[in-house]
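Below: one structure, written as structure tokens.
The values are calculated or read from the model by the stated rules, or taken from the named source; none is laboratory data. On a predicted model such as this, the values are computed, not experimentally measured, just so you know. Cβ: placed from backbone, ideal geometry, glycine included. Neighbour counts: every protein chain shown.
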Amino acid sequence: MFDATPALRSAAQAAPAHPPAAALARSRVDLVIAGARGQVGTALRAQLARRQAWLREHEGLDLRVVAAFDRRLLALDLDGLGDVLEDAGLAREAGDGERLLDALCKPRRGPCVLVDCTASEEIADWYPRLLGAGVGVVAANKRANARDFAHYRQLQALARFGAAPYRYETTVGAAIPVLGPLRDLRLRGERIESLRGVLSGSLSHVLHRLHEGLAFSAAVAEARALGLTEPDPFEDLAARDLSRKLLVLAREAGFALEATALRIEPLCDAPQDGESPEAALAAADADWHARVAGAKSRGERLVVLAEADAAGGRIGVRSLPQDSPFARLAPGENRIEVRTEWQSRAPLALGGPGAGAEITAAGLVSDILQAARELAPRRPSVRQ
Ligand SMILES: NC(=O)c1ccc[n+]([C@@H]2O[C@H](COP(=O)([O-])OP(=O)(O)OC[C@H]3O[C@@H](n4cnc5c(N)ncnc54)[C@H](OP(=O)(O)O)[C@@H]3O)[C@@H](O)[C@H]2O)c1
């Protein structure tokens, strides 16, 4: 154990965190993980630890997790942290966050990427400074891109200005590549007209289980226990998290939408004063039972569909024929359809598992590798 606070202070004042020897500086990229002991953060640290030696040997990339923290603990080792954060960590103190941010934004620092595995506004507040200082940001956290459109545009501009990679592919569809393909369509000059999708792995899991006969409250509790919902499941049920995904997706498609342009039908009212979350969920059981029975009697399935075009967005429960591709999705799966000026009859369709700590961490590893390659010119690859 060591006292992280003096180490942070000296890191903010002292020489660059690692030596500028050309070969080392070109290939080494430091990683700082926010939310390091959450579900995604834990899976990410394990995946990086397993991949580290291979990447060093075959891709010439020396990825080192030099700092990892959550709201309670801060672990710091400029040579690279081991597996057990508690060995190198101390209780996070007031001001540690700012000191870490100062250290990361220090001029002439070596290549560095902050990986945001939180759902925190506080960490999202850091992005403008980091990107402006040339520090890469890889985010599973949707908060920053779901703020007002001007902020979204500012982050893109800062990333360009600071020559800093800014990647957030996992914020929509977990590890399904969605945002990259949208960007490619626009780069090649193909105008996107509309998109629609089942984008919430947690909500599609819940609706699937309702069709299997589970009560609404039990289906939500199960999704929470499986780690499929946000830390607060009412975020999912009010479609707040889904509306952030839709905003990010719509903006990447070129629609300059604000949150106020989305019409949202919540799946369940939030607990009233003094009401427990369990009671609020149970109060919705009878209504959901009737809705599912109605859909079944018509030979249909209920899905939560998110749709957007240049005029606005909509999120709500739709009853679709059983053979619709959206109705046939397995629990937890996402599907996104993109209509463009040249692909309007048969839309571009992307799909796969839309939630889960391991696949989200795998998506983050992809983003980290692309960010690291942008920051550290790649050495010749050796095939295994
Ligand atoms: N799980 C999935 O399937 C999935 C899929 C796609 C995207 N995501 C996104 O990934 C992010 C993390 O999800 P998760 O499931 O891993 O959530 P989680 O298990 O609740 O972990 C969240 C982590 O963030 C930390 N944290 C919160 N506020 C912080 C702050 N101000 N400073 C530092 N750390 C802070 C928490 O630390 P404390 O314990 O100290 O509060 C915790 O370690 C979310 O944005 C989520 O939307 C998740």
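Condition check: within 16 Å of the ligand (Cβ to nearest atom), more than 25 Å from Glu222 (Cα to Cα), part of a strand (DSSP E or B) and among the aliphatic types (A, V, I, L, M). Does Leu364 satisfy that? So that I can check it myself, show each step before the final result.
Working: within 16 Å of the ligand (Cβ to nearest atom): yes; more than 25 Å from Glu222 (Cα to Cα): yes; part of a strand (DSSP E or B): no; among the aliphatic types (A, V, I, L, M): yes.
The answer is no for Leu364.
Here is a yes/no grid of residues against (1) within 30 Å of the chain's Cα centre (by Cα); (2) at pLDDT below 95; (3) among the small types (Gly, Ala, Ser):
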residue	(1), (2), (3)
Gln272	yes, yes, no
Glu278	yes, yes, no
Ala282	yes, no, yes
Lys296	no, no, no
Gly312	yes, no, yes
Arg318	yes, no, no
Arg335	yes, no, no
Arg339	yes, no, no
Leu350	yes, no, no
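Quick check on my filter: what residues within region 329-352 are out of contact with any strand residue (DSSP E or B) (no Cβ under 8 Å at 6 or more places or on another chain) and more than 17 Å from Glu252 (Cβ to Cβ)? Break it down stepwise before answering.
If we filter region 329-352 for residues that are out of contact with any strand residue (DSSP E or B) (no Cβ under 8 Å at 6 or more places or on another chain), which is where we start, we get 330-331, 342-343, 345-346.
Once the filter is applied, which keeps residues that are out of contact with any strand residue (DSSP E or B) (no Cβ under 8 Å at 6 or more places or on another chain) and more than 17 Å from Glu252 (Cβ to Cβ), region 329-352 yields Ala330, Pro331, Trp342, Arg345, Ala346.
Filtering region 26-52 down to residues that are touching a helix residue (DSSP H, G or I) at 6+ places or on another chain (Cβ under 6 Å) and away from the ligand (no atom under 13 Å from the Cβ), which residue is nearest to Pro165 (Cα to Cα)?
Here the answer is Val29.
Which condition does Ile359 not pass, out of (1) in a loop (DSSP other than H, G, I, E, B); (2) under 20 Å from the mean Cα position of the chain (by Cα), if it passes all the others?
The single condition Ile359 does not satisfy is (1).
Need pairs with beta-carbon distance below 7 Å; first residue touching a residue at least 12 places away in the same chain (Cβ under 8 Å) and within region 113-127, second assigned to a helix (DSSP H, G or I) and near the ligand (Cβ under 6 Å from one of its atoms); sequence gap 6+ or separate chains.
Filtered contacts from region 113-127: Asp116/Ile123; Cys117/Val40; Cys117/Gly41.
Identify, from the list Arg92, Arg108, Arg153, the residue that is surrounded by fewer than 21 Cβ atoms within 10 Å (Cβ to Cβ), at pLDDT below 95 and away from the ligand (no atom under 16 Å from the Cβ). Step through it out loud before you land on a result.
Numbers: Arg92 fails: away from the ligand (no atom under 16 Å from the Cβ); Arg153 fails: at pLDDT below 95.
Going through Arg92, Arg108, Arg153 in turn, just one is surrounded by fewer than 21 Cβ atoms within 10 Å (Cβ to Cβ), at pLDDT below 95 and away from the ligand (no atom under 16 Å from the Cβ): Arg108.
Kindly provide the set of residues from region 85-112 that are within 16 Å of Arg64 (Cβ to Cβ) and part of a loop (DSSP other than H, G, I, E, B), ordered by number.
Arg109, Gly110, Pro111
Can we say Asp285 is under 30 Å from Gln154 (Cα atoms) and touching a helix residue (DSSP H, G or I) at 6+ places or on another chain (Cβ under 9 Å)? Show your work before the answer.
Working: under 30 Å from Gln154 (Cα atoms): no; touching a helix residue (DSSP H, G or I) at 6+ places or on another chain (Cβ under 9 Å): yes.
Criteria not met by Asp285.
Being more than 16 Å from the ligand (Cβ to nearest atom) and in a helix (DSSP H, G or I) is the filter here; which residues of region 126-150 pass it?
Pass one, region 126-150, residues more than 16 Å from the ligand (Cβ to nearest atom): 128, 131-136, 148-150.
Those that are more than 16 Å from the ligand (Cβ to nearest atom) and in a helix (DSSP H, G or I): Pro128, Leu131, Gly132, Phe149, Ala150.
Can you name every residue in region 27-52 that is surrounded by fewer than 22 Cβ atoms within 10 Å (Cβ to Cβ) and either modelled with pLDDT under 50 or not in a helix (DSSP H, G or I) (or both)?
Arg37, Gly38 - these are the residues of region 27-52 that are surrounded by fewer than 22 Cβ atoms within 10 Å (Cβ to Cβ) and either modelled with pLDDT under 50 or not in a helix (DSSP H, G or I) (or both).
Quick one: count up the residues across region 177-196 that are surrounded by 23 or more Cβ atoms within 10 Å (Cβ to Cβ) and under 17 Å from the mean Cα position of the chain (by Cα).
Within region 177-196, residues that are surrounded by 23 or more Cβ atoms within 10 Å (Cβ to Cβ) and under 17 Å from the mean Cα position of the chain (by Cα) number 2.
Could you check region 243-263 and list, in sequence order, the residues that are within 13 Å of the ligand (Cβ to nearest atom) and touching a Leu at 6+ places or on another chain (Cβ under 6 Å)?
Step one: filter region 243-263 for residues within 13 Å of the ligand (Cβ to nearest atom), giving 243-245, 248.
Across region 243-263, the qualifying residues are Ser243, Lys245.
Could you tell me whether region 296-317 includes any residue that is part of a helix (DSSP H, G or I), farther than 25 Å from Ala349 by Cα and in contact (Cβ under 8 Å) with a residue 24 or more places away in the chain? I'd like the intermediate steps shown before the answer.
First pass over region 296-317, keeping only residues part of a helix (DSSP H, G or I): 296-297.
Still in the running and farther than 25 Å from Ala349 by Cα: 296-297.
Right, trim to in contact (Cβ under 8 Å) with a residue 24 or more places away in the chain and you get 296.
Yes, because at least one residue in region 296-317 is part of a helix (DSSP H, G or I), farther than 25 Å from Ala349 by Cα and in contact (Cβ under 8 Å) with a residue 24 or more places away in the chain.
If you check Glu230, Glu222, Glu235, which single one turns out to be among the acidic types (Asp, Glu) and outside any helix (DSSP H, G or I)? Talk me through it step by step, then tell me what you get.
Working: Glu222 fails: outside any helix (DSSP H, G or I); Glu235 fails: outside any helix (DSSP H, G or I).
Exactly one residue qualifies, and that residue is Glu230.
Can you run down the residue pairs with Cβ atoms below 7 Å, 6 or more apart or on separate chains, where the first is in region 234-260 and in contact (Cβ under 8 Å) with a residue 40 or more places away in the chain and the partner is basic (Lys, Arg)?
Arg244/Lys142; Lys245/Lys142; Val248/Lys142; Glu252/Arg183; Gly254/Arg186; Leu257/Arg251
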